[in-house]
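Report on the structure given below.
The values are calculated or read from the model by the stated rules, or taken from the named source; none is laboratory data. Owing to the predicted nature of the structure, the values given are computational and were not obtained by experimental measurement. Every residue, glycine as well, gets a Cβ built from its backbone with ideal geometry; the counts of neighbours run over all protein chains shown.
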């Protein structure tokens, strides 16, 4: 599938901001299941950007704006080709019957331990046991079981949590947005010995109503024996397929912050995020 | 009446001045002779003079145990610790070897990670280390030096063997006391000093400045070097101003620096002045709010960006804390072997890692006989000295270790060596350690001596200033006597 | 990034002065000078009222009101106290921390600035400052009032003189010295205008009162507030003539507190600070100082009185404010909008 993305973030300050230093992770990753055809980043006020590859392999852009400004707009545009569903490998049912080897466990150690947003606290441990109460089978089956458990025991409520809510907080409320669903699932999986990581990105919402806005999305990937990272979306209870575009991966939200930074000056009065995900059909593509 | 008493008791410990047989060690004889002829009143007078001088000069540190920091003088003991040349030579070689290996280790960790791939150090230990800075991955640093200033703590066991207790690779402090102590001793015993032939340490500031200038990213002969301090409220502020003045460089706080176009500048009355090298005494967590802790007001937004762009050098580099993690400490002998293909010249203290199942079992079963330390706390906090602790304290630590094994190590208690120290009217043995300072620049230089810290409380093994410690001057002799 | 028209100073990196340090030195100096002047002002006026028992309520109120008005704090005072009398005004001008210009506020702020730059000042300077602070911290306004305000004001004056003396004796003659002196002289000039202005706010006396005992005593108090009484009588004239007092305090080229002398110092230091080497003033601050100097060097008291003494003094205050702001703007903060109080914020997408 060919998808076109536009992600615009606008900060409006109650006054002026100056000496603003920012990092963004908005550039789609390159891997076997997707390829990024083009990517552009622009800011207003205009600023030159630098980029580097961070620890998790995410392309990270940095820019700074010294002079006073009343608004900051960051806009990323990209076009991504995702491998069609028919050509994707099937879910790892068979191979995942073997347990995770010690070497693999060592390699993925950081996705088995606590991280800032996912403290491996007692309540998560209890929940993990509840989710797998019917018994352990294979890594993949357990992974899905946990995912569905999260989907069915948590309610999607945008106002319930904030960007700084930890997995424990979301679990207590049994509510949140995709970020929280992902964090909780990560916590439960890690406690069950399945290395799991956070994925940020977008998906094409085929059932989007006119006027409904798209948004950034978050899901997870579990490390399956012999197969590697396999994606699953706990908010929608489905595997990440050709509609999904992966932008960044990390231990949790803290590693993949799409747009963040510091500045001096007035507080942020308003934050607007506009995301647009569209399919580019072959005809338009040829003309483009 | 001289202060040397015939009833001095060495106990079962190695004593710096007295041998097991009760005789004075050869390199202390001259000192003993001098003390023999020095009346006690005279001795007291010199002590009082030094204390007053320290007070007036403000040679202080701040303790933050209460809500308001209180400034204290770091207590100083007049009896020096003396090290003969041949002994020092061995220590020096061991310290140079260690810092060389650690620099190679850090470079590897932040680049290829070969040592992890070869499974010499478990990847999990490194990746879960609090001070492993992912943001620093694949960074290139000037001259490939990560640790420019290192303070390695050494102790001696009851057999008189020197062991490394820990490395301090982030912002090691205490140098100012070392220099002030030397100045005090010169004033108190000028003739003794002359006759002994003590190696000078006054060149520290020059050596430090040289190694800072060495890492400038900008070609030219006058690199702009500054000292970055968290400010007046930091416990080591005195030392920051002391060193800045000795080196003749400006001392700045985060708000005095600004990053423009990935270059670092100082705000001065003459406008923005470029900065090439920053000797930073601010921890990584606080050094750049746009990358690390966003609530830090001590740091410089954009500093890491300028560093990444190669426009400024930091000493010590970011991320060195992973190598002074107490768990990684246990692997240092292997690290030395791996990079240098040499046996460590200075041994570690035998360490048990709570993260290893076999060791964990041993620790939990024998906790009352061990010294247990939290992997990341500085200053002697978060530590249990089993043999001296109550049953409740042991039980508390046992629970902590079981809950977070990655965060704890344990060691056999070492019978630290003692040095005669003036305590309430007489000389008594008190436990000491030694912190030499190592500078890695064009050459690696170890300042002869360092800070000898002494646990002033009777029977105490804790030498840190914040918990009742004091210090002595350290004399490395030009010869062996 | 040198400013236009200004040759870069030939200073080695080690003697470079941080903007923040300059700012602290400047304000530390101004605040000590301010505290000292306020002490003298209050001290003299309390004495004056003791000498002059013959004031009725209205007279007292007017007297104290004039002090407040010249100090510029009338509006703030009104929100805190209902009537202006010895007690309330002294309380407000000496001890009230809500008043940023009170003696206490000034000393506390000066000490805070000194603390920030502790490594720049000598130990004696710091110890003196600290002593002043500790002295004030331990006292309540009521205690002092009961014990006797005279001793209190003496203490402040002595300590600030000691501080300034120590600065003179121990502070190296460097860029930092220039900022300290600049702060002192600009504040002193400002205070002289306020001392003179006190008399203005007292309603013009009835014809019968001009030259009368009260009038004369009030002018005498003005002189004493500037420590100018002896100098005036010895080097100027014997009798207290209002226009002569004003002339002395504005134009005297020998009395150190006169506006003329203060502004002379301000101009000299200013040129050194901003690096003006040419004869013609280039920077805004130097231009403003030059204009003020010209006025003080050429106007006569008759011309000032014709324009109006109060108006003249206000103009001088404004000019001084402009000069101070310009220097701060150009040497301490290169961006005119920089605000040291500005908060650091974080932002992130939700």
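A few comments on the model shown:
- Exclusive hit being outside any loop (DSSP other than H, G, I, E, B), touching a strand residue (DSSP E or B) at 6+ places or on another chain (Cβ under 6 Å) and within 14 Å of chain C (Cβ to nearest Cβ), set A:254, A:261, A:222: A:261
- Qualifying residue in the stretch A:236-249 (condition: touching a residue at least 12 places away in the same chain (Cβ under 8 Å), more than 14 Å from chain C (Cβ to nearest Cβ), surrounded by fewer than 24 Cβ atoms within 10 Å (Cβ to Cβ) and closer than 24 Å to residue A:123 by Cβ): yes
- The single residue among B:403, B:392, B:323 that is out of contact with any helix residue (DSSP H, G or I) (no Cβ under 9 Å at 6 or more places or on another chain) and either buried (at least 19 other Cβ atoms within 10 Å of the Cβ) or modelled with pLDDT under 90 (or both) turns out to be B:403.
- Close pairs (6 angstrom Cβ cut-off, 6 or more residues apart or separate chains): under 24 Å from residue B:446 (Cα atoms) in the stretch B:178-192, at pLDDT below 90 and outside any helix (DSSP H, G or I) anywhere: B:180/B:59
- Counting the residues of the stretch B:252-295 that are in a loop (DSSP other than H, G, I, E, B) and at the interface with chain A (Cβ under 9 Å from one of its Cβ atoms) gives 7.
- Within the stretch A:264-285, considering residues that are assigned to a strand (DSSP E or B) and within 7 Å of chain C (Cβ to nearest Cβ), the one modelled with the lowest pLDDT: A:268
- Complete set of residues in the stretch A:20-47 that are in contact with a strand residue (DSSP E or B) (Cβ under 7 Å, 6 or more places away or on another chain) and farther than 19 Å from residue A:274 by Cα: A:20, A:21, A:29, A:30, A:33, A:34, A:35, A:36, A:37, A:38, A:47
- Count of the stretch B:333-364 residues which are outside any helix (DSSP H, G or I), touching a residue at least 60 places away in the same chain (Cβ under 8 Å) and surrounded by 16 or more Cβ atoms within 10 Å (Cβ to Cβ): 7
- Candidate set: the stretch B:365-379, residues that are part of a loop (DSSP other than H, G, I, E, B) and at pLDDT below 90; chosen: the one farthest from residue B:123 (Cα to Cα): B:379
- Condition met for residue B:152 (buried (at least 22 other Cβ atoms within 10 Å of the Cβ), within 12 Å of another protein chain (Cβ to nearest Cβ) and touching a helix residue (DSSP H, G or I) at 6+ places or on another chain (Cβ under 8 Å)): no
- Only listed residue being more than 22 Å from residue B:303 (Cα to Cα), surrounded by 15 or more Cβ atoms within 10 Å (Cβ to Cβ) and within 14 Å of chain B (Cβ to nearest Cβ), chosen from A:111, A:11: A:111
- The stretch A:49-67, residues that are more than 30 Å from residue A:229 (Cα to Cα) and either surrounded by 14 or more Cβ atoms within 10 Å (Cβ to Cβ) or at pLDDT 95 or above (or both): A:49, A:63, A:64, A:65, A:66
- Of the helices (runs of 4 or more DSSP H) contained entirely in the stretch C:88-148, those carrying at least 2 residues that are under 30 Å from residue B:238 (Cβ atoms) and within 18 Å of the chain's Cα centre (by Cα) fall at C:103-116.
- Test: residue in the stretch C:33-54 that is more than 14 Å from chain B (Cβ to nearest Cβ), surrounded by 17 or more Cβ atoms within 10 Å (Cβ to Cβ), free of Cβ contacts under 8 Å to residues at least 24 places away in the same chain and out of contact with any helix residue (DSSP H, G or I) (no Cβ under 7 Å at 6 or more places or on another chain): no
- Of the residues in the stretch A:204-212, not one is within 14 Å of chain C (Cβ to nearest Cβ) and out of contact with any strand residue (DSSP E or B) (no Cβ under 8 Å at 6 or more places or on another chain).
- Candidates A:99, A:92, A:28, filtered to the one that is buried (at least 18 other Cβ atoms within 10 Å of the Cβ) and modelled with pLDDT under 90: A:92
- If you go through the stretch B:191-233 and keep only what is crowded, with 19+ Cβ neighbours inside 10 Å, in a loop (DSSP other than H, G, I, E, B) and within 14 Å of chain C (Cβ to nearest Cβ), you end up with B:216, B:223, B:224, B:229, B:230.
- Given (1) buried (at least 19 other Cβ atoms within 10 Å of the Cβ); (2) at negative phi, number of the condition residue A:38 does not satisfy: (1)
- Every pair of residues 6+ apart whose Cβ atoms lie under 6 Å, when the first sits in the stretch A:18-32 and is more than 13 Å from chain B (Cβ to nearest Cβ) and touching a residue at least 24 places away in the same chain (Cβ under 8 Å) while the second is surrounded by 22 or more Cβ atoms within 10 Å (Cβ to Cβ) and assigned to a loop (DSSP other than H, G, I, E, B): A:26/A:258
- A single entry from B:109, B:102 fulfils the requirement of being within 14 Å of chain A (Cβ to nearest Cβ), crowded, with 23+ Cβ neighbours inside 10 Å and touching a residue at least 40 places away in the same chain (Cβ under 8 Å): B:109.
- Scanning the stretch C:212-247 for residues that are modelled with pLDDT of 85 or more, part of a loop (DSSP other than H, G, I, E, B) and surrounded by fewer than 18 Cβ atoms within 10 Å (Cβ to Cβ) gives a single hit, C:227.
- Filtered by the rule that a residue be within 10 Å of the chain's Cα centre (by Cα) and part of a loop (DSSP other than H, G, I, E, B), the stretch A:196-219 gives a lone residue, A:216.
- Members of the stretch B:125-138 that are in contact (Cβ under 8 Å) with a residue 40 or more places away in the chain and either within 8 Å of chain A (Cβ to nearest Cβ) or surrounded by fewer than 19 Cβ atoms within 10 Å (Cβ to Cβ) (or both): B:128, B:130, B:135
- Positions within the stretch C:120-163 being surrounded by fewer than 19 Cβ atoms within 10 Å (Cβ to Cβ), at pLDDT 85 or above, more than 22 Å from residue B:241 (Cβ to Cβ) and in contact with a helix residue (DSSP H, G or I) (Cβ under 8 Å, 6 or more places away or on another chain), in sequence order: C:154, C:155, C:157, C:161, C:162
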